[in-house]
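The values are calculated or read from the model by the stated rules, or taken from the named source; none is laboratory data. These figures come from a predicted structure and were not determined experimentally. A quick note on method: Cβ atoms are made from the backbone with ideal geometry, for glycine too, and the neighbour counts reach across all protein chains shown. What goes into the accessible areas is simple: the full protein's heavy atoms, side chains included, and nothing from ligands, DNA or RNA. Shrake-Rupley method; radii C 1.70, N 1.55, O 1.52, S 1.80 Å.
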Amino acid sequence: MTNASAPAKAASFGVTSSVFIGRSLRHSLRNTEALIMAIVLPIMLMLLFTYVFGGAIDPSGDYVDYVVPGIILLCAGFGSSSTAVDVAGDMTNGIIERFRTMPIRSMNVILGHVTASLCRNLLATGVVIGMALLVGFRPSAGFLAWLGALGVIALFILAFTWLYAAIGLVAGSPSAASAYGFALLFLPYLSSAFVPTSTMPSWLRGVAEHQPITPVIETIRGLLTGTPIQDQAWWAIGWCLLILIASYVWGSWTFNRKAGRR
Amino acid sequence: MITPAIEVSGLRKSFGAQTVLDGIDLTVPKGSIFALLGPNGAGKTTLIHILSTLVAPDAGSARVGGHDVVADKAGVKRSVSLTGQFAAVDEILTAEENLRMMGRLSGLTPPEARARADQLLAHFDLAAAARKRVKTFSGGMRRRLDLAVSLVVDRPILFLDEPTTGLDTRSRRALWDIILELAGRGITIFLTTQYLEEADQLADTIAVIAHGRVVACGTAEALKSRIGGDVLELIGANDEIIREIPTDGSIRAVQQSLEELARTAPAGARVGIRKPSMDDVFLALTSNPREGTFS
């Protein structure tokens, strides 16, 4: 090691991002349990909602067409939640301090986790759709509608992953991050994901219709199966962008504030 | 005059109501090993965090490698490498992947990063474990990798925060050899430690820090002459320490102390002799030792 290495140059934004994305993807691939969960959970949920609950909720047998968007979001929410644990783990390990004392944009370490989460969850979405088609899902969407639906799903994953990343930054430890993140996983049940909001008591309907999941569900459902979308698409995009920007600002602020403190 | 590697004057930092650094002044010449010796909570880590730009000081100034830690953070970051108190390596990656990642982040091309990783793995006796995940490493291996990661690119100043805490004697000695070798190559080393012996073995200059102030600064020899030599202990029948007498380590002084103890010792008591500990250092150097917690 005696011969001097190259003089210290600063790694560019692009190199830093790709290195951190590569790191987080490696983490994802090596976390075997989480990876198996990401594939098994969509299969289990699809079977559960189609064959166990489906008959009771809609005896006509078309419940699978109704429930697919809900299961996509349920899995995406579950999949994104591990970002909180990953981020909190990095923030409580000394490695973050090493990154911060290097002449790089250290916030890109979070970008790495977010990108890996997007990849994992798009894979899980693919599994949900594949499984849905096997159990009788018959979407009416054309190519553009599919593209639109995938775009909305990706935006939703991105927004919630950043939200979980911010939770991971704020939480003091990985287990605290996991606990805080858990609450959010109930949001899909209080929406039009599994039953129409019109079947709920009026006070609950108010909650369900004014939270971000319902417009996202209605938009995806409309694009895939042709139900009316109306202004729900704008609400969906607006909610996702709002969550995305707010989480990014909150996360960045916390990231900078926590320097040197663990 | 040559610019010192590190110059600190009047540095202050509080977290809320708690004053952590209460006016620190020190100078570290280029190419030397500087040890900051102090108990837990003395402010050692906070000082390293300020010098490596992680934390901003409340008052005072610090220049590292000629760059101001507040006004020119980027300049400081290009001059230093930090090895924190807890091994800052990625446990899910292998040793090789850790080194390559840091190489890439330091601006090396992929082939350069790979070559550098192989070099460091061989040098730090980690070649056999190169493809194993760090999760499976022992404490000593982890620390060696941690240090190797700090050396992926040459930075003129290396911060080591308690580099050997938690290591067994053999790993500690191996790490000391590496630190001495690095200093031999002209790297300025600023380390913190709780062990008097470690500071004595490694450092050209030792600063003793307590309650956020430097209470003594000088060579190991100068410091030891102020602290004294071996300490005699009078131990009671139930292993409780009845009395401690610091000596200068000479036969005559020990003999005198023994005679004094012989006159006063209760039945069943015995005598022990030990090296001065951190507690003794602080008793000798601070006027109000009661405030200190020497855990």
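Calculated FRET efficiency, A:Leu29 to B:Ser138, Cβ-Cβ distance, R0 = 30 Å: about 0.75 to the nearest 0.05. Rolling a 1.4 Å probe across all protein chains gives B:Thr169 an accessible area of roughly 100 Å². Taking a point 7 Å out from the Cα of A:Leu241 in the direction of its Cβ, the residues of segment A:208-235 whose backbone N falls within less than 20 Å of it are A:210-220, A:223, A:229-235. Solvent exposure of chain A, expressed per residue, is 44 Å² of accessible area, with all protein chains present and a 1.4 angstrom probe. With both partners inside the protein assembly as shown, how many of the DSSP beta bridges are antiparallel, as a percent to the nearest 5? Beta bridges within the protein assembly as shown, antiparallel portion: roughly 65 percent. For the residues of B:82-89, the average number of beta carbons from a partner chain within 10 Å of their own beta carbon is 5.
Over segment B:6-225, accessible surface divided per residue gives 37 Å², non-protein components excluded, 1.4 Å probe. Looking at chain A as a GNM with Cα springs under 10 Å, which of A:Ser202, A:Ser82, A:Ser24 has the largest mean-square fluctuation? The residue with the greatest mean-square fluctuation here is A:Ser202. Within a Cβ distance under 13 Å of A:Thr214, other residues only, what is the Lys/Arg minus Asp/Glu net charge? Around A:Thr214, the charge tally is -1. Between chain B and chain A, roughly 3400 Å² of accessible surface gets buried, counting both sides and using a 1.4 Å probe.
When A:His210, A:His27, B:His123, B:His67 are compared by accessible surface with a 1.4 Å probe, the order from highest to lowest is A:His210, B:His123, B:His67, A:His27. Positive-end ranking of B:Pro276, B:Ala262, B:Gly229 along the dipole of segment B:228-289, with charges on Cβ about the Cα centre, is headed by B:Ala262.
Every helix of 4 or more DSSP H residues in chain A counts as -39500 (n - 2.57), and over all residues that averages to -24000 deg cm²/dmol at 222 nm.
Distance from the C-alpha centroid of segment B:5-58 to that of segment A:111-135: 48 Å, rounded to the whole angstrom. In plain terms, the chain from A:Leu48 to A:Trp146 could stretch by 32.8 nm, reckoned as 0.36 nm per residue minus the Cα-Cα distance. Its Cα centre serving as origin, the protein assembly as shown has a Cβ charge dipole (Lys and Arg +1, Asp and Glu -1) of approximately 920 debye.
Among B:Lys135, B:Lys275, B:Lys77, the order of accessible area from largest down is B:Lys275, B:Lys135, B:Lys77, computed with a 1.4 Å probe on protein heavy atoms. Take every DSSP beta bridge whose two residues both sit in chain B; close to 65 percent of them are antiparallel. Taking 20 Å as the straight-line reach from the Cα of A:Lys258, the lysines in range (excluding those fewer than 8 positions away in the same chain) are B:Lys13, B:Lys44, B:Lys73, B:Lys77. Positive contributions from Lys and Arg (+1) and negative ones from Asp and Glu (-1), summed over other residues with Cβ under 13 Å from the Cβ of B:Thr192, come out at -2. Between segment A:14-86 and segment B:222-283, what's the alpha-carbon centroid distance in Å? Segment A:14-86 and segment B:222-283 have Cα centres spaced 68 Å from each other.
Which positions within segment B:155-179 get 40 Å² or more of their accessible surface covered by the other protein chains, compared to the chain by itself, with a 1.4 angstrom probe? Residues of segment B:155-179 that lose at least 40 Å² of accessible area once the other chains are added: B:Arg155. Mind checking which lysines have their Cα closer than 19 Å to the Cα of B:Lys224? Skip sequence neighbours fewer than 8 apart in that chain. The reachable lysines, counting only those whose Cα sits under 19 Å from B:Lys224, are B:Lys275. In the elastic network of chain A, a GNM with C-alpha springs shorter than 10 Å, the most mobile of A:Gly168, A:Gly89, A:Gly226 is A:Gly226.
Net charge of the neighbourhood of B:Ala203, taken over other residues with C-beta under 13 Å away and scored Lys/Arg +1, Asp/Glu -1, is -4. Taking Cα centre as origin and charging only the Cβ of basic (Lys, Arg, +1) and acidic (Asp, Glu, -1) residues, the dipole magnitude of segment B:6-225 rounds to 540 debye. Shape call for segment B:228-289 from the C-alpha gyration tensor, a ≥ b ≥ c root eigenvalues: rounded (a/c under 1.5), prolate (a/b greater than b/c) or oblate? Because a/c hits 1.5 or more and a/b fails to exceed b/c, segment B:228-289 counts as oblate. Using a probe of 1.4 Å on the protein chains alone, the accessible area found for A:Met44 is around 120 Å². DSSP bridge analysis restricted to segment B:144-295 gives an antiparallel fraction near 75%, rounded to the nearest 5. Residues of segment B:139-157 with an amide N closer than 15 Å to a point placed 7 Å from the Cα of B:Phe15 along the Cα-to-Cβ direction: none. Taking the Cα centre of segment A:72-163 as origin and assigning +1 to Lys and Arg Cβ atoms and -1 to Asp and Glu Cβ atoms, the resulting dipole is close to 120 debye. A straight chain from A:Ala56 to A:Arg257 at 0.36 nm per residue would run longer than the Cα-Cα distance by 67.2 nm.
Membrane-span-like helices in chain A, defined here as complete DSSP H runs extending at least 18 Å along the helix axis by their C-alpha atoms with mean Kyte-Doolittle hydropathy no lower than 0.0, are A:13-30, A:32-47, A:63-92, A:108-134, A:143-170, A:232-257; this is a sequence and geometry rule, not a statement about a membrane. Here's the picture: charge each Lys and Arg Cβ at +1 and each Asp and Glu Cβ at -1 in chain A, and of A:Ala38, A:Leu224, A:Phe99 the one pushed furthest to the positive end of that dipole is A:Phe99.
Run the accessible area of segment A:16-257 with a 1.4 Å probe and give the carbon-and-sulfur part as a rounded percent. In segment A:16-257, the share of accessible area belonging to carbon and sulfur is 72 percent. Surface composition of chain B: carbon plus sulfur atoms contribute 51% of the solvent-accessible area (1.4 Å probe, protein chains only, all chains present). Between the residues B:Val153, B:Ala59, B:Pro111, the greatest Cα displacement towards the positive end of the dipole of segment B:6-225, with unit charges on the Cβ of Lys, Arg, Asp and Glu, is found for B:Pro111.
Comparing A:Ala159, A:Ala88, A:Ala233, which has the greatest mean-square fluctuation in the GNM of chain A with Cα pairs linked when under 10 Å apart? Between A:Ala159, A:Ala88, A:Ala233, it is A:Ala233 that shows the largest mean-square fluctuation. Screening chain B for whole DSSP H helices of 18 Å or more along their axis (Cα) with average Kyte-Doolittle hydropathy at least -0.5 returns B:169-184, B:251-264.
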